[in-house]
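**Q** Have a look at this one.
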Amino acid sequence: MNRKLIQKSEYLLSKEKGTIFKDPGGKISICLVYPNVYHVAMSNLGYQGIYGLLNKRQDIVCERAFLPDDRDIMEHMRTETPLFSIESKRAIDRFDIIAFSVSFENDYPNILRILDISKIPLYSSERNAYHPLITAGGVCLTFNPEPLSPLFDIVFIGEAEESLNEFLDIYIPLKEDKNRLDLKKKAMDIEGVYIPEFYDIEYGDDGTISERIARHGAPERIKRRYVKDFSSSVTTAIVTPEAEFSDMYLIEAMRGCPWSCRFCLVGHIYSPPRRKDMETIIADIQRAKELSLSRNIEKDGGKSTTAQAAPRIGLIGPSLTDYPHISDILCMEGVEFSITSLRASSKSAELTDLLRGYRSISIAPEAGTERLRRVINKKITEEDILLTSKHILDNGVENLRLYFMIGLPTETDQDIAGIVQLVKGVRELSDKGKVILSISTFVPKPFTPFQWHKMERPGVVKERLKFIKNGLKDVKNAKVFHDVPKYAYMQGLFSCGDRRIVKALEAMINKDDYTKACSDSGIDIDFYIFRNRDLNETLAWDFIDSGYSKEKLWKEFRIALE
């Protein structure tokens with residue numbers, strides 16, 4: 001093992017509070033891998049929650065590994081040091097199970113980089129019983145696992161808190177069985193478990209899917225798993241200043257969204273919405289206080305004592321304005337709260353009195369005109385946006401963030417001009433604080449009404465971004481930030497791709513240029529992201545039962561366009 005790499009992992013461990021160390025003797029070993037760097041991974045609630053959930057079992061030892069940063073990747077390659085877990089420094093290919101937690105499409109190439117660094121064959125068909133079992137879960141695998149499916153032995157579709165334990169109960173007695181086919185046949189009966197190798201895909205002359213063939217008695221459709229009892233939902237296991245959200249304890253107050261905006265994945269694959277009761281939130285906050293890091297306070301003479309800092313708690317939920325106990329929670333003393341965003345509404349305007357002095361609060365108008373907000377089913381008015389913005393700025397919040405998307409279905413130049421006018425209207429409400437635009441490019445997502453719609457061409461997107469920046473360049477204390485369109489198109493490719501996409505991912509192991517990787521792999525980018533689909537086309541993710549019928553989503557799509 002490389003001393004420099006070990007020292008870095010020891011440094012990261014030294015900053016953590018809540019790390020779990022176990023004697024591995026007689027236990028199943030699982031390496032939980034996040035396909036991005038440490039500080040991103042440790043700010044991901046799903047990743048943290050699964051780590052805590054697995055380690056609650058007495059028969060499991062779960063450790064963590066991450067994508068090394070660019071400099072460390074070079075060190076791994078130079079010294080031929082395999083990727084290892086942060087806790088025990090054991091190479092990940094020595095674990096019984098490697099479990100990937102996948103939350104973002106643009107992390108897909110990193111999964112193959114991690115396997116490559118670890119000298120593990122990329123494809124499940126190339127591995128044998130002496131390799132770790134490679135599994136995966138997370139939001140991306142829930143809506144469309146197909147671009148990654150040739151890599152994994154087992155995929156968890158939906159919320160895996162329950163199905164993961166059910167799988168382990170089957171796995172443990174069969175661990176020594178070198179024929180994994182029996183294990184997979186038993187696992188396929190668990191709701192939400194998908195065995196990719198049990199399905200063959202055939203394609204028509206036009207490139208679309210013509211047939212999906214199930215083998216070994218595998219089910220034709222995989223039902224998305226969701227947790228009915230939300231009181232036991234995952235929470236932060238470890239706090240550390242080295243995370244993107246430094247020293248922050250994350251609490252999921254609600255899962256799913258009642259508003260069902262037509263572009264939004266969360267409102268569709270996490271339905272029905274569930275809310276955590278107040279008693280459970282209080283218990284979570286108490287654990288956060290126990291985990292909160294101590295800070296050294298310098299005193300006269302160079303001596304120091306240790307004082308308990310107020311815990312920093314991030315409340316997670318897609319529409320916290322709709323959480324019934326939000327006011328009571330924000331009134332709690334001895335806690336420093338951070339929230340994701342507010343929904344523009346009169347209720348949010350009332351809440352801003354409790355957020356006085358916050359550094360940053362976000363709302364999401366999404367579009368610049370009432371017409372386009374109706375198209376995307378964003379049920380807020382310009383009056384809602386202006387009212388909420390005024391209350392936020394008047395309460396001394398340093399930064400008001402406004403989230404917009406461009407490239408939405410039916411978008412026109414007038415809608416883009418509407419963004420400029422709306423921001424100017426917000427800025428005229430108050431001379432306090434800064435107004436910061438965060439603009440992203442629309443990406444169609446599976447299981448939303450817009451899954452059939454193409455992405456806008458790069459030239460149009462760039463012109464519209466230029467128009468917005470020019471229109472606001474002279475507005476005092478208004479700034480414009482936007483995503484890199486290249487990465488939005490890469491996200492669209494991976495979001496709506498099928499199994500053939502994996503060849504482009506393999507080509508990206510040593511380069512980030514997805515267009516070159518697609519060209520080298522014979523992947524037609526236009527086919528995946530620049531064409532409209534119709535109701536009769538078999539989509540790569542159609543085999544997943546999400547709880548929404550395809551016909552209902554199509555009806556919503558047609559209503560939007562009309």
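The values are calculated or read from the model by the stated rules, or taken from the named source; none is laboratory data. Nothing here was measured: the structure is a model prediction, and the numbers come from that model. In this analysis, Cβ positions are derived from the backbone assuming ideal geometry, glycine residues included, and neighbour counts consider all displayed protein chains. Surface areas here come from the heavy atoms of the whole protein model, side chains and all, with no ligands, DNA or RNA. Shrake-Rupley method; radii C 1.70, N 1.55, O 1.52, S 1.80 Å.
**Q** Figure the gain on full extension for Ile172 and Gln7 (residue separation times 0.36 nm, minus the Cα-Cα span) and round it to one decimal in nm.
**A** 56.0 nm
**Q** Say the dipole of the chain comes from +1 at the beta carbon of Lys and Arg and -1 at that of Asp and Glu; which of Pro318, Ile529, Gly158 then lies farthest toward its positive end?
**A** The residue sitting most towards the positive pole is Pro318.
**Q** Using the Cα centre as the reference, give the magnitude of the dipole from point charges on the C-beta atoms of the chain (Lys, Arg: +1; Asp, Glu: -1; all else neutral), rounded to the nearest 20 debye. Before the final figure, lay out each step's value.
**A** Working: 79 positive and 83 negative charges, 189 e Å.
The calculation lands at about 900 debye.
**Q** So what's Rg/Rh here for segment 300-420, counting alpha carbon atoms and using the Kirkwood radius for Rh? Write down the numbers at each step before the final one.
**A** Working: Rg = 18.1 Å, Rh = 16.2 Å.
Rg/Rh: 1.12.
**Q** Between Ile559 and Arg287, what's the calculated FRET efficiency when r is the beta-carbon distance and R0 is 51 Å? Round to 0.05.
**A** Efficiency for this residue pair is about 0.70.
**Q** A further question on this structure: Counting only Cα, what are the radius of gyration and maximum Cα-Cα distance Dmax of the chain, in Å?
**A** Using the Cα atoms of the chain, the pair Rg, Dmax is 24.1, 80 Å.
**Q** Using only the Cα atoms of segment 398-446, construct the convex hull and provide its projected area averaged over every direction, in square nanometres to one decimal.
**A** On the way: hull surface 16.2 nm².
Spelled out: convex hull of the Cα atoms, projected over all directions, averaged, 4.1 nm².
**Q** Same structure, new question: Per residue, what volume in Å³ does the Cα convex hull of segment 405-545 take up?
**A** Working: hull volume 20.4 nm³, N = 141.
Normalising the Cα hull of segment 405-545 by residue number yields 145 Å³.
**Q** Follow-up. Using a 1.4 Å probe on the protein heavy atoms, what percent of the accessible area of the chain belongs to carbon and sulfur?
**A** 49
**Q** Measuring from centroid to centroid over Cα atoms, what is the spacing of segment 455-524 and segment 80-145 in Å?
**A** The distance from the Cα centre of segment 455-524 to that of segment 80-145 comes to 26 Å.
**Q** While we're here: Need one number: nm distance between label points at Ser549 and Thr280, each 7 Å from Cα along Cα→Cβ, rounded to one decimal.
**A** With each label placed 7 Å out from Cα toward Cβ, I get 3.1 nm.
**Q** Using the Cα centre as the reference, give the magnitude of the dipole from point charges on the C-beta atoms of segment 65-174 (Lys, Arg: +1; Asp, Glu: -1; all else neutral), rounded to the nearest 20 debye.
**A** Details: 8 positive and 19 negative charges, 100 e Å.
For this selection, approximately 480 debye.
**Q** Please list, in order along segment 236-247, the HN-Hα scalar couplings obtained from phi with the Karplus expression 6.51 cos²θ - 1.76 cosθ + 1.60 (θ = phi - 60°), rounded to whole Hz, x for Gly and Pro.
**A** 4, 9, 10, 10, 7, x, 8, 7, 4, 9, 4, 6
**Q** Find which of Val37, Gly267, Pro449 sits farthest along the positive direction of the dipole of the chain, computed with +1 on the beta-carbon of Lys and Arg, -1 on that of Asp and Glu, about the Cα centre.
**A** It is Val37.
**Q** Next question, about the same structure. Provide the FRET efficiency to the nearest 0.05 for the Asn536-Asp182 pair, computing r from the beta carbons and using R0 = 41 Å. Please list the in-between numbers first.
**A** Working: r = 38 Å, r/R0 = 0.94.
The formula returns an efficiency of 0.60 here.
**Q** Heavy-atom accessible area per residue, the chain, 1.4 Å probe: how many Å²? All intermediate terms of the calculation are to be shown ahead of the outcome.
**A** Values: 23940 Å² over 562 residues.
Result: 43 Å² of accessible area for each residue.
**Q** Sticking to Cα atoms, compute the Rg of segment 187-285 to one decimal and its Dmax as the biggest Cα-Cα distance, whole number, in Å.
**A** 19.5, 58
**Q** Provide, in order from the shortest bin, the percent of all Cα-Cα pairs of segment 2-91 in each 10 Å bin, continuing until the bin that contains the maximum pair distance.
**A** 15, 51, 29, 5
**Q** Scan the chain and report its longest stretch carrying no chymotrypsin sites (Phe, Trp or Tyr not before Pro) that are both in a DSSP loop and have at most 13 other Cβ atoms within 10 Å.
**A** On the way: sites that count: Phe21, Tyr130.
Free of exposed loop sites, the longest segment is 131-562.
**Q** List the trypsin sites (Lys or Arg not before Pro) within segment 403-483 that fall in a DSSP loop (any state other than H, G, I, E or B) and whose Cβ has at most 16 other Cβ atoms within 10 Å. Each step should come with its number before you reach the end.
**A** Working: sites: Lys424, Arg427, Lys432, Lys434, Lys454, Lys462, Arg464, Lys466, Lys469, Lys473, Lys476, Lys479; in loops: Lys432, Lys454, Lys473, Lys476.
Answer in residue order: Lys432, Lys473, Lys476.
**Q** Pop the C-beta distance of Lys469 and Asp394 into the FRET formula with R0 = 25 Å and round what comes out to the nearest 0.05. Could you put the intermediate results ahead of the total?
**A** Working: r = 27 Å, r/R0 = 1.08.
After rounding, the FRET efficiency stands at 0.40.
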